[in-house]
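The structure appears below as structure tokens.
Readers should treat all values here as calculations from the given coordinates under stated rules, not as data from a laboratory. If you're wondering where the values come from, they're calculated on a predicted model, not measured in any experiment. Every residue, glycine among them, receives a Cβ derived from its backbone with ideal geometry; neighbour counts consider all protein chains shown.
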Ligand SMILES: [Zn+2]
């Protein structure tokens, strides 16, 4: 008999894995790691997940919604004979990112990434007999994120994954258009992320409501200082494009080779998809200035940049040029501070006290108690910083509109600390009777 089960993630943010089974075969949606700093106190630890999910049943297929660690992070443990699926740009980005994470790792992740198959927006796939999945392209702080519309055993399920509509992909009413085109309501079951339900205060106090607003505010901040260090996730591409386009003409836009690879890979993909002018090169900045000396690896970077309809050039930049002209630089924490001092740390030490500033563009939780990231704090080093960040997740009003559009018979919240709060939120009042909290490990017959 067909059923649905959340292995993990019904009442926590991150570490997600959801199973839909026909009794004969199954799909797993995401196989994520617990959020940094939470594994020790988690109900189910990462080390227990393999046994839980693959211990007695090895068959099935895994579909990743996007490339955030809390959704794909345990991918290396997935048995070789279990097919994995992900979006094509998400796969390209993991092929750049994972080799960096593999440095010093005992088990390398790149072979598993190379094994991943890709799905396409709006094209049905049948990963296992009896379960059809339609990937739907959605906005999120990871580019190339998907919702899944699933048919199994005569039932329809909409699985949102992480989503929002206040980024670049969500502009011009994309969410509504996609749902109206592909999801004939009413759906039997809606499984929706509810990250912001447990961060309501944060949503209310957010200084920046959308990526566009983030760009405008960034532009004003950049005008005040000569040396701008932006701390942003290397794969939060919407924000990165906003920082790029809002870099004043007189400053250089700077990143390192790794970040340049991620950037150009995303821009090429968005050029192919069309209709995303925010992902085109800026006339103000046709050159991205890259730290370090060019080596053989730069050829690929330049080949992609040259081949685009709207080309983007990459040139190496010297410390003297940085000093003379000023910059907006995309930076990252040093993940191996015991081994070396990163170029970003050196430049921060040199320029911060001479008209420099740090723009912190990540979730504020990474600087606080439970989720405190010591490498990030170490990088900031007690210096003052400007916060400039917008949420990667749907606001309450977005979730309410989604519910209105697909009119589900059952609503199952997940990816939230407080699924039971769903019924207390005024925007969801009309749907109160449809909410069903499904705890980790409980099977819901379909
Ligand atoms: Zn995510």
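Just a few scattered comments:
- Relative contact order (%) - region 354-408, alpha-carbon pairs under 8 angstrom, separation at least six: 40
- Helical runs assigned H by DSSP (4 residues or longer) give the chain a calculated mean residue ellipticity at 222 nm of -8500 deg cm²/dmol, each run adding -39500 (n - 2.57) before division by the residue total.
- Between the alpha-carbon centres of region 346-391 and region 121-172 there is a gap of 34 Å.
- Helix 88-102 vs. the chain, principal-axis angle (Cα, 0 to 90°, nearest 10): 70
- Normalised by 2.2 N^0.38 Å, where N is the number of residues, the C-alpha radius of gyration of region 242-300 stands at 1.17.
- Fewest-first ranking of 379, 163, 229, using other Cβ atoms within 10 Å as the exposure measure: 379, 229, 163
- The chain - Debye-derived log10 I(q)/I(0), Cα point model, q = 0.06, 0.11 Å⁻¹: -0.25, -0.87
- Listed from fewest to most Cβ neighbours within 10 Å, the set 349, 373 follows the order 349, 373.
- Separation between Cα centres of region 72-106 and region 1-48, rounded to whole Å: 18
- By the count of neighbouring beta-carbon atoms within 10 Å, fewest first, 70, 102, 30 end up ordered 102, 70, 30.
- For region 298-381, the Kirkwood hydrodynamic radius from C-alpha pairs, put into Stokes-Einstein at 25 °C and a viscosity of 0.890 mPa s, yields a diffusion coefficient of 159 µm² per second.
- C-alpha long axis of helix 211-224 to longest principal axis of the chain, angle in °: 20
- Each peptide in 117-127, 72-82 receives the mean, over its residues, of other Cβ atoms within 10 Å, and ordering these scores from highest gives 72-82, 117-127.
- Considering only alpha-carbon pairs that sit under 8 angstrom and 6 or more positions apart, the relative contact order computed for the chain is 21 percent.
- Rounded to 10°, Cα long-axis angle of helix 396-406 versus longest principal axis of the chain: 50
- Distance from the Cα centroid of region 393-439 to that of region 274-321 is 43 Å (rounded to whole angstrom).
- Reciprocal mean inverse distance between Cα atoms of region 335-446 - Kirkwood radius, Å: 18.2
- Highest-first packing order for the peptide set 146-152, 250-256 is 146-152, 250-256, based on the mean count of other beta carbon atoms within 10 Å.
- Of the peptides 384-391, 138-145, 103-110, 174-181, the order by per-residue mean of other Cβ atoms within 10 Å, starting with the highest, comes out as 138-145, 384-391, 174-181, 103-110.
- All C-alpha pair distances within region 207-387, sorted into 5 Å bins from zero, spread as 1, 8, 17, 20, 22, 16, 10, 5, 1, 0 percent across the bins.
- Relative contact order (percent, whole number), region 207-387, Cα cutoff 8 Å, 6+ residue spacing: 29
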